[in-house]
Protein chains: 2
Amino acid sequence: MSASVLFHFPFDPGSRAARLALGEARIDWTEVLVRPWEADCPVGDLNPSGMPPVLQVEGPPALTLCEAPAILGWIEDAQKTPLLMPSDAAERAEVRRLTGWFDRRFTDEVNAVLLHERMEKPLLRLGPPEARMLREGREALKHHLGVFEALLAQRDWLAGRRLSQADIVAAAHLSTLDYFGEIAWASWPGLKTWYMRIKSRPCFRPLLADRFQGLAPAPHYADLDF
Amino acid sequence: MSASVLFHFPFDPGSRAARLALGEARIDWTEVLVRPWEADCPVGDLNPSGMPPVLQVEGPPALTLCEAPAILGWIEDAQKTPLLMPSDAAERAEVRRLTGWFDRRFTDEVNAVLLHERMEKPLLRLGPPEARMLREGREALKHHLGVFEALLAQRDWLAGRRLSQADIVAAAHLSTLDYFGEIAWASWPGLKTWYMRIKSRPCFRPLLADRFQGLAPAPHYADLDF
(Lines give C-alpha, C1' and ligand atoms only; values in the text may rest on other atoms or scores of the structure.)
Protein backbone atom coordinates (compact mmCIF):
# COMPACT_ATOMS: atom_id res chain seq x y z
CA MET A 1 0.00 0.00 0.00
CA SER A 2 1.38 3.39 -0.95
CA ALA A 3 2.08 6.38 1.30
CA SER A 4 -0.84 7.95 3.13
CA VAL A 5 -0.98 11.21 5.05
CA LEU A 6 -3.32 11.63 8.01
CA PHE A 7 -4.33 15.15 9.03
CA HIS A 8 -5.47 14.86 12.62
CA PHE A 9 -5.94 16.61 15.93
CA PRO A 10 -4.77 14.27 18.71
CA PHE A 11 -7.65 15.03 21.10
CA ASP A 12 -10.43 14.74 18.54
CA PRO A 13 -12.13 11.35 19.07
CA GLY A 14 -12.69 10.90 15.31
CA SER A 15 -8.98 11.49 14.69
CA ARG A 16 -8.13 8.94 17.38
CA ALA A 17 -10.46 6.38 15.80
CA ALA A 18 -8.67 6.85 12.46
CA ARG A 19 -5.24 6.39 14.08
CA LEU A 20 -6.35 3.26 15.94
CA ALA A 21 -7.89 1.69 12.83
CA LEU A 22 -4.83 2.51 10.69
CA GLY A 23 -2.70 0.91 13.39
CA GLU A 24 -4.83 -2.23 13.55
CA ALA A 25 -4.60 -2.52 9.75
CA ARG A 26 -0.80 -1.97 9.87
CA ILE A 27 -1.07 0.75 7.25
CA ASP A 28 1.95 3.04 7.07
CA TRP A 29 1.15 6.69 7.28
CA THR A 30 2.77 9.99 7.98
CA GLU A 31 0.97 12.60 10.01
CA VAL A 32 0.17 16.28 9.90
CA LEU A 33 -1.05 17.63 13.23
CA VAL A 34 -3.78 20.22 12.73
CA ARG A 35 -5.67 22.71 14.87
CA PRO A 36 -9.09 22.81 13.18
CA TRP A 37 -10.24 26.01 14.93
CA GLU A 38 -7.43 28.05 13.34
CA ALA A 39 -8.19 29.91 10.12
CA ASP A 40 -5.25 28.49 8.15
CA CYS A 41 -5.87 24.86 9.10
CA PRO A 42 -5.01 22.80 5.98
CA VAL A 43 -8.04 20.56 6.53
CA GLY A 44 -10.22 23.47 5.37
CA ASP A 45 -9.03 22.86 1.80
CA LEU A 46 -9.49 19.09 1.97
CA ASN A 47 -12.80 18.53 3.75
CA PRO A 48 -15.85 20.73 3.09
CA SER A 49 -16.78 20.44 6.77
CA GLY A 50 -13.34 21.72 7.78
CA MET A 51 -12.99 18.92 10.32
CA PRO A 52 -10.30 16.31 10.89
CA PRO A 53 -9.46 13.54 10.41
CA VAL A 54 -8.65 13.54 6.71
CA LEU A 55 -6.60 10.75 5.15
CA GLN A 56 -4.94 11.41 1.82
CA VAL A 57 -4.13 8.18 0.04
CA GLU A 58 -1.55 8.48 -2.73
CA GLY A 59 -3.13 5.66 -4.66
CA PRO A 60 -3.77 4.74 -7.33
CA PRO A 61 -6.51 5.62 -7.02
CA ALA A 62 -5.64 8.82 -5.15
CA LEU A 63 -8.29 9.41 -2.50
CA THR A 64 -9.16 12.09 0.01
CA LEU A 65 -11.04 10.41 2.83
CA CYS A 66 -12.96 12.86 5.01
CA GLU A 67 -13.68 11.94 8.63
CA ALA A 68 -13.66 8.70 10.54
CA PRO A 69 -16.54 6.79 8.86
CA ALA A 70 -14.94 7.24 5.41
CA ILE A 71 -11.50 6.32 6.73
CA LEU A 72 -12.66 3.27 8.69
CA GLY A 73 -14.84 2.18 5.77
CA TRP A 74 -11.95 2.46 3.32
CA ILE A 75 -9.62 0.52 5.62
CA GLU A 76 -12.15 -2.30 5.87
CA ASP A 77 -12.78 -2.31 2.11
CA ALA A 78 -9.02 -2.68 1.55
CA GLN A 79 -8.76 -5.88 3.63
CA LYS A 80 -8.66 -9.34 2.15
CA THR A 81 -10.39 -10.79 5.22
CA PRO A 82 -12.66 -8.90 7.63
CA LEU A 83 -10.64 -6.88 10.13
CA LEU A 84 -12.90 -4.52 12.07
CA MET A 85 -16.29 -5.46 10.63
CA PRO A 86 -17.60 -8.85 11.77
CA SER A 87 -19.04 -11.19 9.15
CA ASP A 88 -22.02 -12.15 11.34
CA ALA A 89 -25.15 -10.11 10.44
CA ALA A 90 -26.21 -9.47 14.04
CA GLU A 91 -22.73 -8.28 15.00
CA ARG A 92 -22.53 -6.04 11.93
CA ALA A 93 -25.82 -4.47 13.00
CA GLU A 94 -24.42 -3.93 16.50
CA VAL A 95 -21.29 -2.26 15.09
CA ARG A 96 -23.46 0.13 13.09
CA ARG A 97 -25.80 0.82 16.02
CA LEU A 98 -22.91 1.50 18.41
CA THR A 99 -20.82 3.68 16.09
CA GLY A 100 -24.00 5.70 15.48
CA TRP A 101 -24.52 5.90 19.24
CA PHE A 102 -21.07 7.45 19.69
CA ASP A 103 -21.41 9.74 16.67
CA ARG A 104 -24.65 11.20 17.93
CA ARG A 105 -25.69 10.51 21.51
CA PHE A 106 -22.31 10.29 23.16
CA THR A 107 -21.03 13.29 21.18
CA ASP A 108 -24.10 15.39 22.02
CA GLU A 109 -24.58 14.39 25.64
CA VAL A 110 -21.00 13.94 26.82
CA ASN A 111 -18.41 15.46 24.48
CA ALA A 112 -20.36 18.63 23.68
CA VAL A 113 -20.48 19.32 27.43
CA LEU A 114 -17.44 17.72 29.05
CA LEU A 115 -14.87 18.01 26.26
CA HIS A 116 -16.14 21.52 25.60
CA GLU A 117 -15.46 22.53 29.21
CA ARG A 118 -12.18 20.64 29.65
CA MET A 119 -10.63 20.87 26.16
CA GLU A 120 -12.22 23.45 23.88
CA LYS A 121 -12.40 26.21 26.47
CA PRO A 122 -8.64 26.26 27.17
CA LEU A 123 -7.84 25.84 23.45
CA LEU A 124 -10.11 28.70 22.41
CA ARG A 125 -9.47 30.78 25.55
CA LEU A 126 -13.13 30.78 26.50
CA GLY A 127 -12.48 31.05 30.23
CA PRO A 128 -12.61 28.51 33.06
CA PRO A 129 -14.98 25.51 33.06
CA GLU A 130 -18.40 25.95 34.62
CA ALA A 131 -19.14 23.72 37.60
CA ARG A 132 -22.75 23.21 36.56
CA MET A 133 -21.76 22.05 33.06
CA LEU A 134 -19.05 19.75 34.40
CA ARG A 135 -21.62 18.17 36.73
CA GLU A 136 -24.09 17.73 33.89
CA GLY A 137 -21.50 16.20 31.54
CA ARG A 138 -20.26 13.84 34.24
CA GLU A 139 -23.78 12.64 35.00
CA ALA A 140 -24.36 11.96 31.29
CA LEU A 141 -21.02 10.15 31.05
CA LYS A 142 -21.93 7.95 34.02
CA HIS A 143 -25.14 6.93 32.28
CA HIS A 144 -23.24 5.99 29.10
CA LEU A 145 -20.55 4.06 30.98
CA GLY A 146 -23.31 2.06 32.67
CA VAL A 147 -24.70 1.15 29.24
CA PHE A 148 -21.27 -0.08 28.06
CA GLU A 149 -20.65 -1.95 31.33
CA ALA A 150 -23.94 -3.82 30.82
CA LEU A 151 -22.99 -4.77 27.25
CA LEU A 152 -19.56 -6.00 28.35
CA ALA A 153 -21.13 -8.22 31.00
CA GLN A 154 -22.48 -10.27 28.08
CA ARG A 155 -19.76 -9.94 25.47
CA ASP A 156 -15.99 -9.95 25.08
CA TRP A 157 -16.03 -6.91 22.82
CA LEU A 158 -18.62 -4.16 22.49
CA ALA A 159 -20.42 -5.52 19.42
CA GLY A 160 -19.84 -9.23 20.05
CA ARG A 161 -17.15 -11.86 19.93
CA ARG A 162 -14.35 -9.93 18.26
CA LEU A 163 -12.71 -6.55 18.15
CA SER A 164 -14.61 -4.27 15.76
CA GLN A 165 -15.05 -0.67 14.65
CA ALA A 166 -17.36 -0.26 17.66
CA ASP A 167 -14.45 -0.90 20.05
CA ILE A 168 -12.16 1.39 18.05
CA VAL A 169 -14.66 4.26 18.15
CA ALA A 170 -15.47 3.67 21.82
CA ALA A 171 -11.78 3.56 22.78
CA ALA A 172 -11.17 6.76 20.80
CA HIS A 173 -13.84 8.57 22.80
CA LEU A 174 -13.06 7.10 26.21
CA SER A 175 -9.29 7.57 25.90
CA THR A 176 -9.80 11.28 25.19
CA LEU A 177 -11.90 11.67 28.34
CA ASP A 178 -9.43 9.50 30.25
CA TYR A 179 -6.59 11.92 29.48
CA PHE A 180 -8.58 14.55 31.38
CA GLY A 181 -9.16 12.14 34.27
CA GLU A 182 -12.90 11.95 33.65
CA ILE A 183 -13.31 8.17 33.86
CA ALA A 184 -13.62 6.54 37.29
CA TRP A 185 -12.51 3.09 36.11
CA ALA A 186 -12.90 1.48 39.54
CA SER A 187 -16.68 1.85 39.25
CA TRP A 188 -16.83 -0.06 35.95
CA PRO A 189 -14.86 -3.32 36.28
CA GLY A 190 -16.07 -4.89 33.02
CA LEU A 191 -15.33 -1.75 31.06
CA LYS A 192 -11.94 -1.47 32.74
CA THR A 193 -10.99 -5.02 31.69
CA TRP A 194 -12.07 -4.24 28.13
CA TYR A 195 -10.10 -0.98 28.15
CA MET A 196 -6.96 -2.67 29.51
CA ARG A 197 -7.14 -5.16 26.65
CA ILE A 198 -7.57 -2.59 23.91
CA LYS A 199 -5.07 -0.18 25.49
CA SER A 200 -2.41 -2.94 25.37
CA ARG A 201 -2.67 -3.28 21.62
CA PRO A 202 0.21 -1.80 19.58
CA CYS A 203 -2.19 0.55 17.77
CA PHE A 204 -2.81 2.36 21.06
CA ARG A 205 0.80 3.27 21.84
CA PRO A 206 0.95 6.56 19.88
CA LEU A 207 -2.18 7.83 21.64
CA LEU A 208 -0.64 7.24 25.03
CA ALA A 209 2.22 9.56 24.09
CA ASP A 210 -0.12 12.47 23.20
CA ARG A 211 0.18 15.55 25.39
CA PHE A 212 -2.29 18.39 25.71
CA GLN A 213 -0.90 21.92 25.95
CA GLY A 214 -0.19 22.85 29.53
CA LEU A 215 -1.99 19.87 31.06
CA ALA A 216 -0.40 16.59 32.09
CA PRO A 217 -2.55 13.49 31.57
CA ALA A 218 -4.31 11.73 34.45
CA PRO A 219 -1.60 9.71 36.28
CA HIS A 220 -2.87 6.33 35.02
CA TYR A 221 -3.42 7.56 31.43
CA ALA A 222 -0.45 5.79 29.85
CA ASP A 223 -0.26 2.82 32.26
CA LEU A 224 -1.27 -0.48 30.70
CA ASP A 225 -1.92 -1.90 34.17
CA PHE A 226 -3.93 0.77 35.99
CA MET B 1 -36.63 -12.98 2.07
CA SER B 2 -38.88 -13.52 5.06
CA ALA B 3 -41.31 -11.07 6.67
CA SER B 4 -39.88 -7.93 8.22
CA VAL B 5 -41.57 -5.35 10.44
CA LEU B 6 -40.52 -1.71 10.36
CA PHE B 7 -41.29 0.45 13.38
CA HIS B 8 -41.18 4.01 12.11
CA PHE B 9 -42.37 7.56 12.57
CA PRO B 10 -43.26 8.98 9.13
CA PHE B 11 -41.70 12.43 9.72
CA ASP B 12 -38.44 11.18 11.17
CA PRO B 13 -35.75 11.47 8.46
CA GLY B 14 -34.04 8.26 9.60
CA SER B 15 -37.35 6.39 9.33
CA ARG B 16 -37.85 7.82 5.84
CA ALA B 17 -34.37 6.69 4.79
CA ALA B 18 -35.19 3.15 5.95
CA ARG B 19 -38.48 3.12 3.99
CA LEU B 20 -36.78 4.43 0.84
CA ALA B 21 -33.97 1.89 1.03
CA LEU B 22 -36.37 -1.01 1.69
CA GLY B 23 -38.37 0.16 -1.31
CA GLU B 24 -35.30 0.36 -3.57
CA ALA B 25 -34.32 -3.16 -2.48
CA ARG B 26 -37.91 -4.41 -3.06
CA ILE B 27 -38.01 -5.97 0.36
CA ASP B 28 -41.50 -6.74 1.62
CA TRP B 29 -42.29 -5.33 5.02
CA THR B 30 -45.19 -4.54 7.24
CA GLU B 31 -45.20 -1.38 9.30
CA VAL B 32 -45.92 -0.26 12.82
CA LEU B 33 -46.31 3.51 13.12
CA VAL B 34 -44.78 4.79 16.34
CA ARG B 35 -44.69 8.04 18.29
CA PRO B 36 -41.26 7.90 19.95
CA TRP B 37 -41.99 10.69 22.45
CA GLU B 38 -44.81 8.68 24.07
CA ALA B 39 -43.97 6.60 27.12
CA ASP B 40 -45.46 3.35 25.79
CA CYS B 41 -43.75 3.54 22.39
CA PRO B 42 -42.84 -0.08 21.49
CA VAL B 43 -39.45 1.04 20.14
CA GLY B 44 -38.36 1.59 23.74
CA ASP B 45 -38.17 -2.19 24.20
CA LEU B 46 -36.33 -2.81 20.94
CA ASN B 47 -33.70 -0.06 20.69
CA PRO B 48 -31.70 1.10 23.73
CA SER B 49 -31.80 4.66 22.36
CA GLY B 50 -35.60 4.52 22.17
CA MET B 51 -35.54 5.95 18.65
CA PRO B 52 -37.03 4.73 15.39
CA PRO B 53 -36.55 3.30 12.87
CA VAL B 54 -36.22 -0.30 14.00
CA LEU B 55 -36.50 -3.18 11.55
CA GLN B 56 -37.28 -6.62 12.91
CA VAL B 57 -36.22 -9.31 10.48
CA GLU B 58 -37.86 -12.69 11.05
CA GLY B 59 -34.83 -14.49 9.68
CA PRO B 60 -33.17 -16.85 10.06
CA PRO B 61 -31.19 -15.28 11.49
CA ALA B 62 -33.74 -13.17 13.38
CA LEU B 63 -32.38 -9.65 13.68
CA THR B 64 -33.35 -6.40 15.36
CA LEU B 65 -31.81 -3.58 13.34
CA CYS B 66 -31.71 -0.30 15.23
CA GLU B 67 -31.73 2.97 13.28
CA ALA B 68 -31.00 3.86 9.69
CA PRO B 69 -27.26 3.01 9.42
CA ALA B 70 -27.88 -0.56 10.65
CA ILE B 71 -30.91 -0.97 8.39
CA LEU B 72 -29.24 0.48 5.28
CA GLY B 73 -26.11 -1.53 6.00
CA TRP B 74 -28.05 -4.78 6.35
CA ILE B 75 -29.99 -4.12 3.14
CA GLU B 76 -26.73 -3.61 1.26
CA ASP B 77 -25.13 -6.70 2.82
CA ALA B 78 -28.13 -8.75 1.65
CA GLN B 79 -27.69 -7.80 -2.04
CA LYS B 80 -26.00 -10.03 -4.59
CA THR B 81 -24.78 -6.99 -6.52
CA PRO B 82 -24.19 -3.48 -5.09
CA LEU B 83 -27.45 -1.56 -4.80
CA LEU B 84 -26.94 1.64 -2.79
CA MET B 85 -23.19 1.47 -2.15
CA PRO B 86 -21.03 2.15 -5.23
CA SER B 87 -18.13 -0.19 -5.91
CA ASP B 88 -15.74 2.68 -6.74
CA ALA B 89 -13.55 3.60 -3.73
CA ALA B 90 -13.87 7.37 -4.21
CA GLU B 91 -17.64 7.17 -4.47
CA ARG B 92 -17.84 4.92 -1.41
CA ALA B 93 -15.88 7.55 0.50
CA GLU B 94 -18.29 10.23 -0.69
CA VAL B 95 -21.29 8.17 0.42
CA ARG B 96 -19.76 7.84 3.88
CA ARG B 97 -18.80 11.52 4.05
CA LEU B 98 -22.26 12.69 2.98
CA THR B 99 -24.30 10.34 5.18
CA GLY B 100 -22.14 11.55 8.09
CA TRP B 101 -22.79 15.14 7.02
CA PHE B 102 -26.56 14.56 7.27
CA ASP B 103 -26.32 12.59 10.51
CA ARG B 104 -24.40 15.34 12.24
CA ARG B 105 -24.20 18.75 10.58
CA PHE B 106 -27.55 18.83 8.85
CA THR B 107 -29.29 17.32 11.88
CA ASP B 108 -27.65 19.78 14.29
CA GLU B 109 -27.85 22.93 12.18
CA VAL B 110 -31.15 22.47 10.35
CA ASN B 111 -33.37 19.75 11.86
CA ALA B 112 -32.68 20.60 15.50
CA VAL B 113 -33.88 24.14 14.75
CA LEU B 114 -36.37 23.99 11.89
CA LEU B 115 -37.96 20.57 12.47
CA HIS B 116 -38.05 21.36 16.16
CA GLU B 117 -40.05 24.54 15.54
CA ARG B 118 -42.31 23.16 12.78
CA MET B 119 -42.78 19.53 13.84
CA GLU B 120 -41.75 18.78 17.43
CA LYS B 121 -43.40 21.82 18.97
CA PRO B 122 -46.91 20.98 17.70
CA LEU B 123 -46.41 17.28 18.49
CA LEU B 124 -45.25 17.94 22.03
CA ARG B 125 -47.51 20.99 22.53
CA LEU B 126 -44.56 23.26 23.20
CA GLY B 127 -46.28 26.37 21.88
CA PRO B 128 -45.96 28.31 18.61
CA PRO B 129 -42.71 28.49 16.61
CA GLU B 130 -40.32 31.34 17.38
CA ALA B 131 -39.64 33.71 14.49
CA ARG B 132 -35.97 34.08 15.42
CA MET B 133 -35.40 30.30 15.43
CA LEU B 134 -37.25 29.85 12.14
CA ARG B 135 -35.04 32.51 10.58
CA GLU B 136 -31.89 30.88 11.94
CA GLY B 137 -32.91 27.41 10.74
CA ARG B 138 -33.83 28.71 7.30
CA GLU B 139 -30.48 30.47 6.93
CA ALA B 140 -28.68 27.26 7.86
CA LEU B 141 -30.82 25.28 5.42
CA LYS B 142 -29.98 27.72 2.61
CA HIS B 143 -26.29 27.19 3.25
CA HIS B 144 -26.71 23.40 3.07
CA LEU B 145 -28.84 23.53 -0.08
CA GLY B 146 -26.10 25.62 -1.71
CA VAL B 147 -23.57 22.89 -0.87
CA PHE B 148 -25.76 20.20 -2.46
CA GLU B 149 -26.49 22.40 -5.51
CA ALA B 150 -22.73 22.77 -6.07
CA LEU B 151 -22.20 18.99 -5.83
CA LEU B 152 -25.02 18.32 -8.28
CA ALA B 153 -23.51 20.73 -10.81
CA GLN B 154 -20.71 18.15 -11.15
CA ARG B 155 -22.51 14.85 -10.65
CA ASP B 156 -25.70 13.04 -11.58
CA TRP B 157 -26.21 11.81 -8.03
CA LEU B 158 -24.94 13.21 -4.75
CA ALA B 159 -21.98 10.86 -4.31
CA GLY B 160 -21.20 10.27 -7.99
CA ARG B 161 -22.51 8.45 -11.02
CA ARG B 162 -25.24 6.36 -9.47
CA LEU B 163 -27.98 6.45 -6.90
CA SER B 164 -26.54 5.64 -3.46
CA GLN B 165 -27.26 5.72 0.26
CA ALA B 166 -26.24 9.40 0.15
CA ASP B 167 -29.21 10.22 -2.10
CA ILE B 168 -31.55 8.12 0.02
CA VAL B 169 -30.50 9.89 3.23
CA ALA B 170 -30.59 13.32 1.56
CA ALA B 171 -34.04 12.70 0.09
CA ALA B 172 -35.28 11.50 3.47
CA HIS B 173 -34.21 14.77 5.09
CA LEU B 174 -35.26 17.12 2.31
CA SER B 175 -38.66 15.48 1.79
CA THR B 176 -39.47 15.97 5.48
CA LEU B 177 -38.67 19.68 5.24
CA ASP B 178 -40.51 19.87 1.92
CA TYR B 179 -43.73 18.67 3.56
CA PHE B 180 -43.56 21.78 5.75
CA GLY B 181 -42.91 23.98 2.69
CA GLU B 182 -39.37 24.85 3.80
CA ILE B 183 -37.59 24.26 0.49
CA ALA B 184 -37.65 27.01 -2.16
CA TRP B 185 -36.93 24.67 -5.08
CA ALA B 186 -36.91 27.47 -7.68
CA SER B 187 -33.65 28.78 -6.19
CA TRP B 188 -31.86 25.44 -6.62
CA PRO B 189 -32.42 24.15 -10.17
CA GLY B 190 -29.83 21.36 -10.03
CA LEU B 191 -31.15 20.11 -6.72
CA LYS B 192 -34.70 20.34 -8.03
CA THR B 193 -33.87 18.16 -11.05
CA TRP B 194 -32.23 15.63 -8.73
CA TYR B 195 -35.24 15.67 -6.40
CA MET B 196 -37.70 15.23 -9.28
CA ARG B 197 -35.78 12.15 -10.37
CA ILE B 198 -35.64 10.53 -6.96
CA LYS B 199 -39.21 11.54 -6.11
CA SER B 200 -40.43 9.72 -9.24
CA ARG B 201 -39.04 6.40 -8.07
CA PRO B 202 -41.57 3.84 -6.82
CA CYS B 203 -39.87 3.76 -3.39
CA PHE B 204 -40.97 7.37 -2.84
CA ARG B 205 -44.71 6.85 -3.31
CA PRO B 206 -45.58 5.88 0.27
CA LEU B 207 -43.81 8.98 1.62
CA LEU B 208 -45.90 11.24 -0.59
CA ALA B 209 -49.04 9.85 1.02
CA ASP B 210 -47.89 10.70 4.58
CA ARG B 211 -49.97 13.28 6.42
CA PHE B 212 -48.98 15.25 9.50
CA GLN B 213 -51.65 15.79 12.16
CA GLY B 214 -53.65 18.93 11.45
CA LEU B 215 -51.33 20.24 8.74
CA ALA B 216 -51.73 19.70 5.01
CA PRO B 217 -48.47 19.32 3.06
CA ALA B 218 -47.05 22.12 0.91
CA PRO B 219 -49.16 22.20 -2.31
CA HIS B 220 -46.36 20.73 -4.48
CA TYR B 221 -45.35 18.08 -1.90
CA ALA B 222 -46.83 15.08 -3.70
CA ASP B 223 -46.52 16.39 -7.28
CA LEU B 224 -43.90 14.60 -9.34
CA ASP B 225 -43.73 17.56 -11.72
CA PHE B 226 -43.53 20.62 -9.46
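At a glance:
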{"item": "Single match in A:E149, A:E94, A:E136 (criterion: closer than 21 Å to B:L63 by Cβ, part of a helix (DSSP H, G or I), in the same structural domain as A:D178 (by TED's automatic domain parsing) and not β-branched (V, I, T))", "result": "A:E94"}
{"item": "Single condition A:L163 does not satisfy, out of (1) more than 18 Å from A:V110 (Cα to Cα); (2) in a helix (DSSP H, G or I); (3) touching a Phe, Trp or Tyr at 6+ places or on another chain (Cβ under 9 Å)", "result": "(2)"}
{"item": "Residue list for region A:83-102, filter: among the aliphatic types (A, V, I, L, M), within 9 Å of another protein chain (Cβ to nearest Cβ) and under 17 Å from the mean Cα position of the chain (by Cα)", "result": "A:V95"}
{"item": "Complete set of residues in region B:21-52 that are closer than 19 Å to B:D167 by Cβ and in contact with a Lys or Arg (Cβ under 8 Å, 6 or more places away or on another chain)", "result": "B:G23, B:E24"}
{"item": "Restricting region B:64-82 to residues that are at the interface with chain A (Cβ under 7 Å from one of its Cβ atoms) and aliphatic (A, V, I, L, M), the residue that is nearest to A:G100 (Cα to Cα)", "result": "B:A70"}
{"item": "Test: residue in region B:52-71 that is surrounded by fewer than 18 Cβ atoms within 10 Å (Cβ to Cβ) and closer than 20 Å to B:R201 by Cα", "result": "no"}
{"item": "Of all residues making up region A:1-32, the number that are assigned to a strand (DSSP E or B), among the aliphatic types (A, V, I, L, M) and under 17 Å from A:R205 (Cβ atoms)", "result": "1"}
{"item": "Residue in region A:113-125 that is of a type in the set (V, I, T), surrounded by 16 or more Cβ atoms within 10 Å (Cβ to Cβ) and more than 14 Å from every other protein chain (Cβ to nearest Cβ) present", "result": "yes"}
{"item": "Filter result for B:V43 (crowded, with 17+ Cβ neighbours inside 10 Å, part of a helix (DSSP H, G or I), at negative phi and not assigned by TED's automatic domain parsing to the domain that holds B:L151)", "result": "yes"}
{"item": "Matching residues in region A:43-59 - criterion: being more than 10 Å from every other protein chain (Cβ to nearest Cβ) and farther than 12 Å from A:L6 by Cβ", "result": "A:G44, A:D45, A:G50, A:E58"}
{"item": "Restricting region B:179-218 to residues that are in a helix (DSSP H, G or I) and either touching a Pro at 6+ places or on another chain (Cβ under 8 Å) or of a type in the set (A, V, I, L, M) (or both), the residue that is surrounded by the fewest Cβ atoms within 10 Å (Cβ to Cβ)", "result": "B:A186"}
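The values are calculated or read from the model by the stated rules, or taken from the named source; none is laboratory data. Fair warning: this is a prediction, and the values are worked out from it, not measured in the lab. Every residue, glycine as well, gets a Cβ built from its backbone with ideal geometry; the counts of neighbours run over all protein chains shown.
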